[in-house]
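Visitor: I'd like to ask you about the structure that follows.
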Amino acid sequence: MAKKTKKAITRRDFIKTAGAGVLAAGMGPTIFIPRQARAAGKELKILQWAHFVPRYDQEWFDNFAKQWGKENGVEVTVDHVNIGQVVPRASAELAAGKGHDLIETFAPPAQLEPSLLDLTDVNQEAERRFGKQLALCKRSSYNPNTKKYYGFCHGWVIDPGDYRKSLWEKVGKPQGPETWEDLITYGGKIKEKLGVQLGIGLSQELDSNMASRALLWSYDTGVQDASENVIIGNERTIEAVQFMSKLYKAAMTPEVFAWAPASNNRALIAGKASYILNSVSAYRSGQKKVPEIAKDVFFVPPLKGPRGTRWTCEHVIYNYIVPTYSRNADTAKKFMLALVANYDQAMYYSELYNSPAFFDVSVPKGNRGYAKVRGAKNLRDLNDAWFDKDPFALPGEATDKLKPLKDAMEWSTNVGHPGPASPAVGEVFGTFVVPNMMANAARGMKPETAVGQAETLTKAIFDKWRQKGLVGGKM
Amino acid sequence: MSDFDGEFGRPRSHIWDREQVLAPLLIAPAILYIVVLVGIPFCMAVYYSLSDATTGSQTLHFVGLRNFQAVLKDAVFRKALLNTFIFTLVSQALVLVLAKILALALIKDFRGKWLARFLILLPWTAPIALGTIGWMWMLDSIFSPIDWLLRYMGLLGAPGALLGANSNLYWLGVPSLAMLSVILVHTWRMLPLATVILLAGLTSIPQEILDAAEVDGAGFWRRLFQIMIPMLLPIMTVAVLFGIVFTFTDIAVVYILTQGGPVHSTQVLASWAFFKGIEAGDLAQGAAVALFLFPAMAGVAALMLRLARRSEVA
């Protein structure tokens, strides 16, 4: 055999080496597949949004999930993404047929139903173990047309009115607004005399969507009825839209047309809003960043409409979904039940941001990471005690500020109220039909025209999803 | 076994040494890249647009042109289509004029020229999302430093002030200002690339032609319009066409700054396709919206290829 001489890399060598490299890279994933397959059933991959209250993830949830995994011989991975990334990421994983076993959404994921496992068994088991689930939670995870639970709702978030007491005191309403009309009467005065506007979003974002629905429901109207028929085009909707137009002129500025979900929080903390509709997270941020403003923030339940009706939309609905591709569905179901059993900690570590879907869950014994609440047997007792005396109040701050939210389950409802959530309700929500209807009128469009446009869009969306058999009601 | 053949030591002819084998082999990765990342998604978009696909359904049924008919009836889509053209044409006109001015300035020798070039290139090198979030703060309804500056200068926030008595301009809350903001931020983003392209073009103009024109008494404007711009025309067209492609398909600026609001006044096709197809779950209609970009993009691509071919011939 001739001795090989040292030479420069030839074209042939380059191709051989590059080809081998490409082949190896291509083969890589398949080489590891058998190892993954052996782990089936013994791992659980969870995808959920980064909680607005950072300590929920950092101090509790991630550790809880790992600990649960250790106790049950399951390797648990928790991936957090920004709230805006949840739906695109879940859609991509469902389309690919690969990804996480459990995905937590913040709004009813009804449009994904065909690719999700029916979770009737775990929902029934949860009710058997923990008592009745809150109706708004069931309506956000169950499709009555297909009789399928496409999700498992473990919690929700209250969306009260947050107001600056010192400002409302100066105009003679120290207990804050009670009716929508009060926002014009007193909120208008605050803007005129004190130069501080109201902050109800009329923008293409989450909070505006919820606020505009709360107004519709308080005016005894809505997007759909209980049987999923579109009812938005009626006189009461026009009345509500007229009201919003008046309210905008009396007490708000064009900033509300540009708001993102965090804008009302920022406005409140900056002392630039006399009243906003938001969860307690806005106030909690204020406690940490601007305590003097936070001490002045108080809460009111939903405002009454002209006929005394009052409703507010849940601020967030926590739904776990299990994609049909998951090979760890049973493990996922066990985890969901364990989470519900430990929801006292979810409430506490979210600083009362999370409310439970199952209020009758017993409080576990032992050290739970918070000061023991005397006499608290279940989550309802804990809820009442903590809302009566806020464990997170600042030194020198009133501890009973959250008291008006104690019975929030009575006046909170789901996005599709009085009917269930559905893909049609989700698309009307996701394409901002309702806040844009309000914004159009506030910007000068005739309320009748704004409502007519919204009705056309809504009917087209409902008809489309009805044809797919996922929505009830009449064409 | 040796690579050398026989007594003459001549390398043995190998399959890799044949041009007809090697050429396709070398170009294969590029073709594969285009097929996998452009061709297949495009075909899928066409397939989805003719089906009843949703983000949750893996079972598709052919529905013909129903999605396109539904999309055309949608007032928001028509608004988004118009906005896409306004957004693209206005921002590209601004980019062209400003890039030309910048390129003319940067071709001169002055102190700190490299720093100036670096700073001008910065928006192009920074991630688009990061830059746009920065602009979101600059244009914030309450905390905008631009508004603060205007107030400080007495142009805003006082009775009789030129820009009004309100404390803020509400850049992203007033439809016309929101569209202006989106266009300006995109112009800021695209300007560096166009400037670099034009700068390269300017340096390729022979200095003796400009000198001769100057000796013949041609002033700046005459040299600009009768020598520089005609000679720069092919490369300017390339800059514009690149800009049109990038702008027509851009979602980041609109999505981050306004989410298409207020009341869809800044909605563009790319963002509406996302809201409809992904957020709302109607993949089929989302694909139909996105495909409306195709004829315009195909026209631009054809023009680019023709231009490239012409300059190759030249």
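Where a number appears in this text, it was derived from the coordinates with a stated rule and is not lab data. Keep in mind the model is a prediction, meaning the values are calculated, not measured. So basically every Cβ, Gly included, is an ideal-geometry build from the backbone, and we count neighbours across all protein chains shown.
Visitor: Using the per-residue mean of other Cβ atoms lying within 10 Å as a proxy for protection, in what order, highest first, do the peptides A:448-455, A:74-81 fall?
Guide: Final packing ranking: A:448-455, A:74-81.
Visitor: Between the range A:331-365 and the range A:456-475, what is the C-alpha centre distance in whole Å?
Guide: Rounded to whole Å, the Cα centres lie 35 Å apart.
Visitor: Could I ask something else about it? Let me check I've understood the local charge: for A:Y219, count other residues with C-beta under 14 angstrom from its C-beta, Lys and Arg +1, Asp and Glu -1. What total comes out?
Guide: Overall, the nearby charge balance is +2.
Visitor: Right, next: Quick check: the angle from helix A:379-388's long axis to the longest principal axis of chain A, C-alpha only, nearest 10 degrees?
Guide: The angle comes out near 50 degrees.
Visitor: Cross-link list A:K272/A:K403; A:K304/A:K401; A:K246/A:K474: which exceed 29 angstrom alpha carbon to alpha carbon?
Guide: Going by Cα-Cα distance, A:K246/A:K474 fall outside the 29 Å limit.
Visitor: Whose amide H sits under 5 Å from the amide H of A:V316, counting only residues 5 or more places off or on another chain, with H placed in the peptide plane?
Guide: A:V157
Visitor: Relative contact order (percent) for the range B:74-313, with alpha-carbon contacts under 8 angstrom and 6 or more residues of separation?
Guide: Answer for the range B:74-313 is 27 percent.
Visitor: Sorting check: for B:53-59, B:43-49, which peptide has the highest mean count of neighbouring beta carbons within 10 Å, and how do the rest follow?
Guide: B:53-59, B:43-49
Visitor: How much length, in nm to one decimal, is gained on full extension between B:T237 and B:I209, taken as 0.36 nm per residue of separation minus their Cα-Cα distance?
Guide: Contour length minus Cα-Cα distance gives 7.9 nm.
Visitor: How much length is gained if the chain between A:N63 and A:Q124 is pulled fully straight, taking 0.36 nm per residue apart and subtracting their Cα-Cα distance, in nm to one decimal?
Guide: Difference between extended and current length: 19.2 nm.
Visitor: For A:K406, list the aspartates and glutamates whose Cα falls under 16 Å from its own Cα; do not include residues on the same chain fewer than 8 positions away.
Guide: Within the straight-line cut-off, A:K406 pairs with A:D159, A:D162, A:E314, A:D344, A:E351, A:D360, A:D381, A:D384, A:D388, A:D390.
Visitor: While we're looking at this one, here's another question. In debye to the nearest 20, how big a dipole does the range A:96-159 give about its Cα centre with +1 on each Lys and Arg Cβ and -1 on each Asp and Glu Cβ?
Guide: Dipole about the Cα centre, nearest 20: 200 debye.
Visitor: Can you tell me which of A:235-242, A:166-173 comes out highest on packing, and rank the rest after it, using the mean Cβ neighbours within 10 Å?
Guide: Sorting A:235-242, A:166-173 by mean packing, highest first, produces A:235-242, A:166-173.
Visitor: Taking the Cβ of A:I190 as the center, what net charge do the other residues with Cβ under 15 Å away carry, scoring Lys and Arg +1 and Asp and Glu -1?
Guide: +3
Visitor: In terms of the Cα gyration tensor, with a ≥ b ≥ c the square roots of its eigenvalues, is chain A rounded because a/c is under 1.5, prolate because a/b exceeds b/c, or oblate?
Guide: prolate
Visitor: Same structure, new question: What average number of partner chain Cβ atoms lie no more than 10 Å from the Cβ of the residues making up A:82-93?
Guide: 2
Visitor: Just to be sure I understand the rule: take each whole DSSP H helix in chain B, project its Cα atoms onto its long axis, keep it if the span is 20 Å or more and its mean Kyte-Doolittle hydropathy is at least 0.0. Which ones pass?
Guide: Taking the DSSP H segments of chain B (at least 20 Å long, mean hydropathy at least 0.0), we get B:19-34, B:75-107, B:175-203, B:229-248, B:293-313.
Visitor: Still on this structure, I have one more. How large is the helix-only mean residue ellipticity at 222 nm for chain B, computed as the sum of -39500 (n - 2.57) over DSSP H runs with n ≥ 4, divided by its residue count, in deg cm²/dmol to the nearest 500?
Guide: That calculation yields -20500 deg cm²/dmol at 222 nm.
Visitor: Is the shape of the range B:74-313 rounded, prolate or oblate, going by the alpha carbon gyration tensor and its root eigenvalues a ≥ b ≥ c, with a/c under 1.5 for rounded and a/b larger than b/c for prolate?
Guide: Note, shape of the range B:74-313 comes out oblate.
Visitor: Explain nothing, just the number: dipole magnitude of the range A:282-361 about its Cα centre with +1 on each Lys and Arg Cβ and -1 on each Asp and Glu Cβ, in debye rounded to the nearest 20.
Guide: Here the range A:282-361 has a charge dipole of around 220 debye.
Visitor: Starting from the amide H of A:V76, placed 1.01 Å from N in the peptide plane, find each other amide H under 5 Å away whose residue is 5 or more places distant or on another chain.
Guide: Close amide H contacts, sequence-distant or interchain: A:L44.
Visitor: Can you pull out the cysteines in the protein assembly as shown that have no other Cys Cβ under 4.7 Å?
Guide: A:C313, B:C43
Visitor: Charges on Cβ only, +1 for Lys and Arg, -1 for Asp and Glu, centred on the Cα centroid of the protein assembly as shown; of B:I197, A:N378, B:P145, which one is farthest towards the dipole's positive end?
Guide: Positive-most Cα among the choices belongs to B:I197.
Visitor: Would you be so kind as to identify which of A:A260, A:N234, A:C137 lies farthest towards the positive end of the dipole of chain A, taking Lys and Arg as +1 and Asp and Glu as -1 on Cβ and the Cα centre as origin?
Guide: A:A260
Visitor: Could you check what % of the DSSP bridge pairs in the protein assembly as shown are antiparallel, to the nearest 5?
Guide: The answer is about 70 percent antiparallel.
Visitor: Same structure, new question: Taking 7 Å along the Cα-to-C-beta vector as the label spot, tell me the B:F225-B:I101 distance in nanometres, rounded to one decimal.
Guide: It works out to 1.8 nm between the two label points.
Visitor: Mind putting a number on the dipole of the range B:74-313 about its Cα centre? Charges go on the C-beta only, +1 for Lys and Arg and -1 for Asp and Glu, and I need it in Debye to the nearest 20.
Guide: Value, rounded to 20: 180 debye.
Visitor: Still on this structure: Taking beta carbons within 10 Å but only from partner chains, what does the mean come to for residues B:164-174?
Guide: Counting Cβ atoms of other protein chains within 10 Å of each residue's Cβ and averaging gives 4.
Visitor: Within chain B, how many lysine pairs that are 8 or more places apart, or on different chains, have C-alpha atoms less than 18 Å apart?
Guide: Lysine pairs meeting both conditions in chain B amount to 4.
Visitor: OK, next. Among B:L198, B:L104, B:L163, whose mean-square fluctuation peaks in a Gaussian network model of chain B (Cα, cutoff 10 Å)?
Guide: B:L163
Visitor: Can you grab the distance from the C-alpha centre of the range A:115-181 to the C-alpha centre of the range B:130-147, Å, no decimals?
Guide: 34
Visitor: At R0 = 51 Å, how high is the FRET efficiency between A:A96 and B:W16 if r is their beta carbon distance? Nearest 0.05 is fine.
Guide: Once rounded, the FRET efficiency stands at 0.90.
Visitor: Also: What is the local net charge at B:A239, summed over the other residues whose Cβ is closer than 15 Å to its Cβ (Lys, Arg +1; Asp, Glu -1)?
Guide: It works out to a net charge of +2.
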